[in-house]
Amino acid sequence: MNASSPQHTAPHPMPRTILVTGAGSGIGQAVTRRMLAAGWNVVLAGRREQPLLDTAAQHPQALVVSADITDPEAVEQLFAAAIERFGRIDVLFNNAGIFGPAANIGELSPAQWQEVCAVNLSGAMYCAGSAFRHMQRSGGGRIINNGSISAQVPRPSTVAYAVTKHAVTGLTKSIELDGRAHGITCSQIDIGNAASEMMQDVGANSGALQADGSRKPEPTFDLEQAAATIEFIAASPANVAVNHVTITAAGMPFIGRG
């Protein structure tokens with residue numbers, strides 16, 4: 001090329017933005033760090049500010065917003081803050097959730113049921129609704145719901161968790177259907193035994209309750225593998241829908257569980 005010839009380079013694309021609920025720990029934390037490393041803008045949402053700040057680690061492309069997703073007004077404020085900072089939200093990772101009590105349907109109290117529903121179901125609905133309305137206006141986007149293998153097959157004495165996670169599957173399918181006209185796709189990732197704080201609650205290392213009443217240690221796998229799967233979904237082209245992905249620790253009691 002002649003030294004005086006102009007050099008034409010493609011414009012650098014603007015970083016895309018993902019909003020992650022429950023970003024201060026577990027899979028939300030792993031996804032946040034992975035997406036920041038990949039050059040995305042990341043909005044970190046959660047009830048407790050300090051774990052979010054620790055996860056963001058003052059990254060220039062991170063926005064920390066302390067928000068209670070069970071409060072619809074707080075969710076609207078969360079999305080408004082994200083849009084004010086980054087202009088648009090390309091992906092929602094609808095991740096926040098709680099395991100709830102170890103209880104069967106006869107033992108579960110109304111207060112326990114309502115607490116699990118408030119986070120796992122109502123919170124997921126509020127966040128998806130805000131994301132959907134924004135994506136309608138901005139020309140499309142992607143919502144990724146964190147289900148669980150308990151959205152397919154429950155563990156013993158986890159009725160609140162299992163029922164709310166089954167409901168997330170209905171939410172995923174409804175968003176995918178209703179979003180078609182607006183360029184909005186919806187995915188669900190069902191994760192089984194990723195090594196997180198929730199697995200300690202289940203007792204995967206010490207002995208998780210099995211359907212026959214026994215307790216057995218269960219294999220786990222690195223959170224980073226689940227985060228890589230979510231990055232793949234988030235980064236997929238707009239004309240690709242990744243409907244449902246199940247990723248589990250090899251050898252865990254899932255196929256044939258019960």
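Values as computed for the structure displayed
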item: Where the Cα pairs of segment 67-215 fall when distances are cut into 5 Å bins, in %; result: 2, 9, 18, 20, 18, 13, 9, 6, 3, 1, 0
item: Ordering of 210-219, 128-137 by burial proxy (mean other Cβ atoms within 10 Å per residue, highest first); result: 128-137, 210-219
item: Between 0 and 90°, nearest 10: helix 159-178 axis offset from the chain longest Cα axis; result: 30 degrees
item: Scattering profile of the chain at q = 0.08, 0.14, 0.16 Å⁻¹ [log10 I(q)/I(0), Debye over alpha-carbon scatterers]; result: -0.32, -0.93, -1.19
item: Solvent-accessible area, 1.4 Å probe, carbon plus sulfur percent, for the chain; result: 53 percent
item: Gained length - residue 114 relative to residue 76, 0.36 nm times residue gap less alpha-carbon distance; result: 11.5 nm
item: Contact order normalised by residue count of segment 1-148, Cα under 8 Å, 6+ apart, percent; result: 23 percent
item: Residue-normalised accessible area of segment 128-258, expressed per residue, 1.4 Å probe, Å²; result: 44 Å²
item: Whole-number Å³ per residue for the convex hull built on Cα positions in segment 132-258; result: 109 Å³
item: Debye equation applied to the C-alpha atoms of segment 73-132, log10 I(q)/I(0) at 0.13 Å⁻¹; result: -0.44
item: Degrees between helix 26-37 axis and first principal axis of the chain (Cα, 0 to 90, nearest 10); result: 10 degrees
item: Label point distance in nm, residue 61-residue 38, each placed 7 Å from Cα along Cα→Cβ; result: 1.0 nm
item: 19 Å cut-off, amide nitrogen to a point 7 angstrom out along residue 14 Cα→Cβ, residues in segment 56-82; result: 60-64, 79-82
item: In degrees, nearest ten, helix 72-86 long axis to first principal axis of the chain (Cα); result: 30 degrees
item: Average Cα contact separation per residue, the chain, under 8 Å, 6 or more apart, as relative contact order %; result: 17 percent
item: Relative contact order (%) - segment 103-234, alpha-carbon pairs under 8 angstrom, separation at least six; result: 24 percent
item: Calculated log₁₀ intensity ratio I(q)/I(0) where the Debye formula runs over C-alpha points of segment 1-137, q = 0.12, 0.18 Å⁻¹; result: -0.52, -0.95
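The values are calculated or read from the model by the stated rules, or taken from the named source; none is laboratory data. Owing to the predicted nature of the structure, the values given are computational and were not obtained by experimental measurement. Here Cβ is always computed from backbone atoms with ideal geometry, including for glycine, and neighbour counts include all displayed protein chains. With ligands, DNA and RNA removed, areas are computed over all heavy atoms of the protein, side chains included. Shrake-Rupley method; radii C 1.70, N 1.55, O 1.52, S 1.80 Å.
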